[in-house]
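> I am attaching a structure below and will ask some questions about it afterwards.
The values are calculated or read from the model by the stated rules, or taken from the named source; none is laboratory data. Remember, it's a predicted structure, so these values are computed and weren't measured experimentally. All Cβ positions, glycine included, derive from the backbone under ideal geometry; neighbour counts span all protein chains shown.
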Amino acid sequence: MHVAVVIPAFNIAPFLQTAILSVIGQTHNDWSMVVVDDGSTDDTALIAAVCPDARIRLIRQDNAGVSAARNRGIAAFLNEAPAAPVAFLFLDGDDWLAPAALARLTASLQAAPWAAAACARYARVNLIDASSPRLATLPPGGCLLDRLVTGNLFANGGHLLIRREAIEAAGRFRTDLSYGEDWEYWTRVALLGEFVTDRSRQPVLFVRERPDGSYRSNASNAAAYRPALDAIFGNPAITDRLGASHMGCLRRAADAEVEWSVGREWIRHGNRRLGQRWLGRSFWRDPNPRRLALIGLSFLRFGPFRPYATPG
């Protein structure tokens with residue numbers, strides 16, 4: 001199975017080589033890569049250009065955002081001969097893959113011809129101690145549309161392998177969304193088929209927690225989620241599939257999930273009082289025993305509420 005790896009890259013010179021080398025080092029060798037330099041002002045393009053591997057191409061464009069960069073990479077592959085590629089993986093340029101990532105994901109997708117995508121575990125790594133990654137829970141499989149509508153189940157596209165047919169049918173990433181654009185895209189993939197899960201405990205992806213990253217800068221801002229939520233709930237294909245009456249219940253659950261995420265992030269950033277107000281709003285909107293139990297951990301800043309590690 002030939003895998004197309006798309007890396008959108010904007011001012012990530014300190015990290016890009018690690019991402020590229022992690023693909024070069026894959027045990028699954030049937031891949032090609034496009035690095036889309038999205039108007040970087042540092043050495044990002046230079047680092048991609050000097051990689052001595054014929055499977056890697058660099059495309060440069062004016063800064064247009066991560067969605068436009070991913071779309072440029074998709075177009076570069078789909079304009080090739082019909083035989084390649086078979087599946088796509090979207091790797092952020094500041095993350096990296098485990099050596100067997102592509103082998104495991106392709107094996108899962110090949111074993112499930114009905115599935116639109118394969119997924120596996122990831123781990124988060126902070127900039128202070130990269131030797132102690134924090135393993136995330138196993139992502140779910142099966143028909144995920146209901147669950148994806150209410151919240152993003154994936155860190156990013158680096159632990160998802162999406163079948164080419166699903167990419168072609170789903171269309172392109174929305175360039176009008178600056179946050180949650182991948183979440184909205186996964187819902188369109190979920191309309192097309194199931195997700196199959198590699199159940200190994202070992203992660204396929206390592207995600208850097210950067211102080212200047214998009215997630216850190218947006219996750220505590222409730223308004224940042226709104227455009228993606230509106231796009232998801234405004235998709236008529238999703239409403240037709242799930243039903244208009246059910247969508248009302250799902251929107252309530254989605255709003256509660258956003259409020260929970262905002263509260264968690266405020267606590268992780270050090271503002272426990274504000275964070276717990278958001279947690280309370282979430283529980284009031286959509287009460288459940290799990291959230292009630294987790295609120296107790298918020299007082300200790302433990303588990304999902306642990307503080308971010310910051311350099312220096």
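> Are there any pairs, at least 6 apart or on different chains, whose C-beta atoms fall under 7 Å, with the first in the stretch 138-158 and not assigned by TED's automatic domain parsing to the domain that holds Tyr225 and surrounded by fewer than 18 Cβ atoms within 10 Å (Cβ to Cβ) and the second outside any helix (DSSP H, G or I) and of a type in the set (Asp, Glu), and if so, which?
Matching pairs, first to second residue: Gly142/Glu194; Cys143/Glu194.
> A further question on this structure: Can you tell me which of Ser200, Ser220 is surrounded by fewer than 20 Cβ atoms within 10 Å (Cβ to Cβ) and in a loop (DSSP other than H, G, I, E, B)? Break it down into steps so the answer makes sense when it comes.
On the way: Ser220 fails: surrounded by fewer than 20 Cβ atoms within 10 Å (Cβ to Cβ).
Of Ser200, Ser220, the one residue that is surrounded by fewer than 20 Cβ atoms within 10 Å (Cβ to Cβ) and in a loop (DSSP other than H, G, I, E, B) is Ser200.
> Sticking with this structure for a sec: Condition first: closer than 27 Å to Thr175 by Cα and either assigned by TED's automatic domain parsing to the domain that holds Arg164 or surrounded by 13 or more Cβ atoms within 10 Å (Cβ to Cβ) (or both). Can you find one or more residues in the stretch 96-112 that meet it?
The initial filter retains those residues of the stretch 96-112 that are closer than 27 Å to Thr175 by Cα, namely 96-97.
Right, trim to either assigned by TED's automatic domain parsing to the domain that holds Arg164 or surrounded by 13 or more Cβ atoms within 10 Å (Cβ to Cβ) (or both) and you get 96-97.
Yes, that holds for at least one residue.
> Same structure again: Quick check on the stretch 287-301: of everything there that is closer than 13 Å to Gly263 by Cβ and not in a helix (DSSP H, G or I), which residue is modelled with the lowest pLDDT?
At the first step, the residues of the stretch 287-301 found to be closer than 13 Å to Gly263 by Cβ are 291, 294-295, 297-299, 301.
Going one step further and asking which of them are not in a helix (DSSP H, G or I), we end up with 299, 301.
Details: Phe299: 84, Arg301: 80.
Taking the candidates together, the pick is Arg301.
> Given the structure, is Ser282 under 23 Å from Pro227 (Cβ atoms) and of a type in the set (Ser, Thr, Tyr)?
Details: under 23 Å from Pro227 (Cβ atoms): yes; of a type in the set (Ser, Thr, Tyr): yes.
So Ser282 passes the test.
> Only one of Thr187, Thr175 is assigned to a helix (DSSP H, G or I) and not hydrophobic (A, V, I, L, M, F, W, C). Can you tell me which?
Exactly one of Thr187, Thr175 is assigned to a helix (DSSP H, G or I) and not hydrophobic (A, V, I, L, M, F, W, C), namely Thr187.
> Sticking with this structure for a sec: Consider Gly275 against the criteria (1) touching a Gly at 6+ places or on another chain (Cβ under 7 Å); (2) within 13 Å of Asp146 (Cβ to Cβ): it satisfies all of them except one. Which criterion is unmet?
Condition not satisfied by Gly275: (2).
> Just one of Glu259, Glu265 is of a type in the set (Asp, Glu) and touching a Leu at 6+ places or on another chain (Cβ under 9 Å); which is it? Show your work before the answer.
Working: Glu265 fails: touching a Leu at 6+ places or on another chain (Cβ under 9 Å).
That would be Glu259, the only listed residue that is of a type in the set (Asp, Glu) and touching a Leu at 6+ places or on another chain (Cβ under 9 Å).
> Determine whether Trp31 is at pLDDT 95 or above and under 24 Å from Gly180 (Cα atoms). Before the answer, list the steps.
Working: at pLDDT 95 or above: yes; under 24 Å from Gly180 (Cα atoms): no.
The answer is no for Trp31.
> Moving to a separate point now. Quickly run through the stretch 292-305 and pick out the residues that are in contact (Cβ under 8 Å) with a residue 24 or more places away in the chain and surrounded by 15 or more Cβ atoms within 10 Å (Cβ to Cβ).
Ser298, Arg301, Phe305
> Of the numbered conditions (1) within 18 Å of Asn152 (Cα to Cα); (2) at pLDDT below 95; (3) touching a helix residue (DSSP H, G or I) at 6+ places or on another chain (Cβ under 8 Å), Arg210 satisfies every one except a single condition; which is it?
Among (1) within 18 Å of Asn152 (Cα to Cα); (2) at pLDDT below 95; (3) touching a helix residue (DSSP H, G or I) at 6+ places or on another chain (Cβ under 8 Å), Arg210 violates only (1).
> Using beta carbons and a limit of 7 Å, which pairs, at least six apart or on different chains, have the first residue in the stretch 219-241 and closer than 10 Å to Val262 by Cα and the second one hydrophobic (A, V, I, L, M, F, W, C)?
Final answer for the pair search is Ser220/Val262; Ser220/Trp266; Ala222/Val258; Ala222/Val262; Tyr225/Val258.
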